[in-house]
Amino acid sequence: MYAIPLGDDGAELCPLGPWQAGEFLDHVDRGREFIGQFNGLPDVVMDLASGRAFLQAYAEKEAADAGRICGIRYGGTLVGAVILRRMDVAQGTAEAGCWLEPAAVGRGLVTRAARVLIDWAIRERGIHRVEWCVSSQNAPSIAVARRLGMRKDGVLRESYLYRGKRHDEEIWSVLAPEWTGAAD
């Protein structure tokens with residue numbers, strides 16, 4: 001996969017692999033507190049070795065056709081990512097997710113990047129259902145799900161223990177026949 005433009009502002013969706021662990025760690029460090037509000041990534045990626053291991057796990061998922069990670073670049077800098085945390089081609093299901101560092105918020109980057117990744121999953125890999133699992137407190141991520149045309153399937157009450165606190169988790173989804181968010 002090569003860089004895919006996400007609009008005319010220079011934003012790009014690009015490959016993200018283990019060889020980029022240093023840049024990835026720098027990105028996580030810049031957004032550690034912000035990203036960590038709802039996403040466990042900063043608790044997993046603490047140093048160069050753990051950053052490399054995280055990216056290696058996604059490289060292995062991609063090689064097994066079971067997931068994918070793509071970096072979001074803005075102004076040439078890695079500022080976030082969109083992922084398919086899991087992808088089961090045989091079942092036609094996937095779970096998408098994202099994060100963004102605070103300096104890049106408010107530009108529609110996650111929505112644009114997720115649209116490209118979900119479109120790829122549906123059109124190229126034959127995924128029928130893409131889920132978006134999000135803390136009920138994470139209003140920006142819920143707004144992304146809405147902008148992507150997803151429907152709220154329900155709430156799993158206090159199902160997600162994160163940093164010692166139980167969170168309600170909302171499940172949003174879009175089905176292939178409903179998908180109208182094709183990337184330009």
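What to note about this one:
- Out of Pro140, Pro102, Pro177, one residue alone is touching a helix residue (DSSP H, G or I) at 6+ places or on another chain (Cβ under 7 Å), of a type outside the set (Lys, Arg) and open to solvent by 40 Å² or more (accessible area, probe 1.4 Å). It is Pro102.
- Options Gly80, Gly22, Gly51; residue that is in a strand (DSSP E or B), at pLDDT 95 or above and among the small types (Gly, Ala, Ser): Gly80
- Restricting region 1-19 to residues that are outside any strand (DSSP E or B) and out of contact with any Lys or Arg (no Cβ under 9 Å at 6 or more places or on another chain), the residue that is modelled with the lowest pLDDT is Tyr2.
The values are calculated or read from the model by the stated rules, or taken from the named source; none is laboratory data. As the structure is a prediction and not an experimental result, all values here were calculated from the model. Reconstructed Cβ throughout: ideal geometry from the backbone, glycine too, with neighbour counts over all protein chains shown. The accessibility values were calculated without ligands, DNA or RNA, using every heavy atom of the protein model including side chains. Shrake-Rupley method; radii C 1.70, N 1.55, O 1.52, S 1.80 Å.
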